[in-house]
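Participant: Attaching a single structure in structure tokens format; questions to follow.
The values are calculated or read from the model by the stated rules, or taken from the named source; none is laboratory data. Being a predicted model, the structure only gives us computed values, none of them experimental. Please note: Cβ atoms are built from the backbone with ideal geometry, for glycine as well, and neighbour counts cover all protein chains shown. What goes into the accessible areas is simple: the full protein's heavy atoms, side chains included, and nothing from ligands, DNA or RNA. Shrake-Rupley method; radii C 1.70, N 1.55, O 1.52, S 1.80 Å.
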Amino acid sequence: MLKSLPVNSVWVRQRDHLLQVRWLRGFFLPVVLLVGWECLSRLGIFPPNLLPAPSAVLATIGQLAASGELFAHIAVTLYRVAVGFLLGGAIATVLGALTGYSRLFSDLLDPLLQSLRNIPSLAWVPLFILWMGIGETSKVALIAVGVFFPVYLNLMSGVQNVDRKLVEVGKAYRLSDLQLIRRIFLPATLPAYIVGLRSGLGLGWMFVVAAEIMGSSQGLGFLLVDGQTTGRPTVILVSILLFAVFGKLTDSALATVGQRLLFWQDSYSSQTH
Amino acid sequence: MSRGVDLRIVELSKSFGSKQVLQDLSLEIKPGEFVAIVGRSGCGKSTLLRLISGLERPTAGGILVDGEPVKQLNTAVRMMFQDARLLLWKRVIQNVGLGLRGNWKSKAQLTLEQVGLADRADEWIAVLSGGQRQRVALARALVSEPRLLLLDEPLGALDALTRIEMQRLIESIWQEQQFTTLLITHDVEEAVTLGDRVVLLEAGQVTLDLEIPLARPRHRGDPVFAALVEQILHRILSRDQKPAVQHSASDLLVHSN
């Protein structure tokens, strides 16, 4: 007990140190690849009409940014992902919590949802276009379907896996139903829920590409199609690059929020905040 | 005068499906008494405690706490389990105050002092050792000043030294507060160390009810202590003398004699 304080602080220092080194490690390979790619392109080994140099891709980003076009595309795509994520996530949260908590709802709903889950989500595309037209609604709906299942599944199993022993303690200490949910079910489910939200967001990014390829006049997915039809590989690469950047950024943001909420899980990292 | 409850168990039976766990079990425990229940795993010890706490309902018979039949969870009764069952997302002091209302914080702090964890009140559970977690669980059970404390092998998972430390702690708090205590354990020495009486449970029935006349605190080196432990162990193992039992078990018996 007396020893724990100094031991802790040494640990924290070591972790910080490791973290910095590991950050740099992550950048090492991409930088080497980019430099190699640039060199091989300049030497003419990579044909520019198939694989343009990184500098050419950067130049295209500059042009698109200067015309303001780039930000419009990014904004539209982000908007679609956000609305689809919120919509799918919200419905999944309600249904996942219900089926996790109540046997009755689970028996009624889960078999249906599990069988719908086995339909490849892209198979909905023609139907959604037929129902909702080619506008925003069908795109957002498709993204929401993609987001829905991971969130639903993780939340449901999270609620079902809440340690019954803890629930028993809560009952033995006479917590009301509402207190049980707030003090035991919610915090105990949070780790699984955040995993669900993160994989849901990942699928959201996947489906926004599908939705924008199937017919749109704006968005990063539209840039892909546009680049292909007009024979501009730099535009395709710009789009791919931006998907990677924004996918990673939004996931990191969600991971950070998750870490803040789950501070109790790992006391060492909570001490470093 | 003790503030502990008077506990009467009358012809209690409990079965799960076709499996009979407790059978016509009767036991009387005086206010403030410390009774240790020993028995092999599966003999119905834990089920008995869960019935007394109101977490389970009896199939037949009943339990009287101060003359009143147990129908639901009772605030005068607190239970401590083998695993601490603490909420990892609450700090130590919030865990102790679980289920308290009003001015809970000062009460919880006082109880933490009793179990020797006053300086850890604002820690997260994750940084505590197994023994410290059990002390938090003990504080959580004690904070509402129970009149009946049910201990379901609370020291089973602790190392030998922490265990002895916890036994002393429980004994001193019990002596101070005089609540009625029921301790389940598979450790006969622990039962003899702590119990006013040691009750042996076999196949859902009481087969031995032994007064421990030793003064407290008790010492393991004491010859009477050793003889009592021996007597109880012998009684538990004598079941194995049936012909179907293999050599190893009877070897053990000869050795223990």
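Participant: Answer yes or no: is there a residue in segment A:115-122 that is touching a Ser or Thr at 6+ places or on another chain (Cβ under 6 Å), open to solvent by 20 Å² or more (accessible area, probe 1.4 Å) and without any contact (Cβ under 8 Å) to a residue 12 or more places away in the chain. Lay out the reasoning, then the answer.
Facilitator: Initially, segment A:115-122 is screened for residues touching a Ser or Thr at 6+ places or on another chain (Cβ under 6 Å), giving none.
Checked against the condition, which is being touching a Ser or Thr at 6+ places or on another chain (Cβ under 6 Å), open to solvent by 20 Å² or more (accessible area, probe 1.4 Å) and without any contact (Cβ under 8 Å) to a residue 12 or more places away in the chain, segment A:115-122 yields no hits at all.
Participant: Report, by residue number, each residue of segment B:147-187 that is in a loop (DSSP other than H, G, I, E, B), of a type in the set (A, V, I, L, M) and modelled with pLDDT of 90 or more. Don't jump to the end; show me each part of the working.
Facilitator: In the first step, residues of segment B:147-187 are kept if they are in a loop (DSSP other than H, G, I, E, B); the result is B:147, B:153-159, B:178-179, B:185-187.
The next check asks that each one be of a type in the set (A, V, I, L, M); those that pass are B:155, B:157-158.
Matches in segment B:147-187: B:L155 only.
Participant: Among the residues that make up segment B:42-53, is at least one of them under 30 Å from B:E202 (Cβ atoms), over 19 Å from the mean Cα position of the chain (by Cα), without any contact (Cβ under 8 Å) to a residue 12 or more places away in the chain and open to solvent by 10 Å² or more (accessible area, probe 1.4 Å)? Outline the logic, then answer.
Facilitator: Taking segment B:42-53 first, the residues under 30 Å from B:E202 (Cβ atoms) are B:42-53.
Those still in the list that are over 19 Å from the mean Cα position of the chain (by Cα) too: none.
Checking segment B:42-53: not a single residue is under 30 Å from B:E202 (Cβ atoms), over 19 Å from the mean Cα position of the chain (by Cα), without any contact (Cβ under 8 Å) to a residue 12 or more places away in the chain and open to solvent by 10 Å² or more (accessible area, probe 1.4 Å).
Participant: Of all residues being part of a loop (DSSP other than H, G, I, E, B) and touching a helix residue (DSSP H, G or I) at 6+ places or on another chain (Cβ under 6 Å) in segment B:8-60, which is farthest from the other protein chains (Cβ to nearest Cβ)? Just the residue, please.
Facilitator: Step one: of segment B:8-60, the residues part of a loop (DSSP other than H, G, I, E, B) are B:17-18, B:30-33, B:39-44, B:54-59.
After this cut, where a residue has to be touching a helix residue (DSSP H, G or I) at 6+ places or on another chain (Cβ under 6 Å) as well, the list is B:39, B:56, B:58.
Numbers: B:G39: 22, B:E56: 11, B:P58: 17 Å.
Top of the filtered list is B:G39.
Participant: Same structure, new question: So for segment A:137-158 (the condition being open to solvent by 50 Å² or more (accessible area, probe 1.4 Å) and either within 13 Å of A:G204 (Cα to Cα) or acidic (D, E) (or both)), does at least one residue qualify?
Facilitator: Pass one, segment A:137-158, residues open to solvent by 50 Å² or more (accessible area, probe 1.4 Å): A:137.
Keeping just the survivors that are either within 13 Å of A:G204 (Cα to Cα) or acidic (D, E) (or both) gives none.
No, that holds for no residue.
Participant: Something else: Within segment A:159-181, work out how many residues are surrounded by 20 or more Cβ atoms within 10 Å (Cβ to Cβ) and more than 14 Å from chain B (Cβ to nearest Cβ).
Facilitator: Summing the residues that are surrounded by 20 or more Cβ atoms within 10 Å (Cβ to Cβ) and more than 14 Å from chain B (Cβ to nearest Cβ) in segment A:159-181 gives 1.
Participant: So in segment B:62-109, with the set limited to residues that are among the acidic types (D, E) and either assigned to a loop (DSSP other than H, G, I, E, B) or within 14 Å of chain A (Cβ to nearest Cβ) (or both), which one is nearest to A:V162 (Cα to Cα)? It would help to see each step written out before you state the result.
Facilitator: Here is the first cut: in segment B:62-109, the ones among the acidic types (D, E) are B:66, B:68, B:83.
Filter again for either assigned to a loop (DSSP other than H, G, I, E, B) or within 14 Å of chain A (Cβ to nearest Cβ) (or both), leaving B:66, B:83.
Details: B:D66: 35, B:D83: 16 Å.
Among those that are among the acidic types (D, E) and either assigned to a loop (DSSP other than H, G, I, E, B) or within 14 Å of chain A (Cβ to nearest Cβ) (or both), it is B:D83.
Participant: Could we say that B:I164 is in contact with a strand residue (DSSP E or B) (Cβ under 8 Å, 6 or more places away or on another chain) and more than 14 Å from every other protein chain (Cβ to nearest Cβ) here? Explain how you work it out, then say what you get.
Facilitator: Values: in contact with a strand residue (DSSP E or B) (Cβ under 8 Å, 6 or more places away or on another chain): no; more than 14 Å from every other protein chain (Cβ to nearest Cβ): yes.
Here the answer is no, as B:I164 does not meet what is asked.
Participant: Pairs, please: C-beta under 8 Å, at least 6 apart or cross-chain, first residue touching a residue at least 24 places away in the same chain (Cβ under 8 Å) and in segment B:202-227, second among the acidic types (D, E)?
Facilitator: B:Q205/B:D24; B:R216/B:E171; B:P217/B:E171; B:R220/B:E189
Participant: Okay, next question. Which members of segment A:182-235 meet the condition of being hydrophobic (A, V, I, L, M, F, W, C), open to solvent by 20 Å² or more (accessible area, probe 1.4 Å) and without any contact (Cβ under 8 Å) to a residue 40 or more places away in the chain?
Facilitator: Scanning segment A:182-235 gives A:L186, A:A188, A:A192, A:V209, A:I213, A:L224, A:V225.
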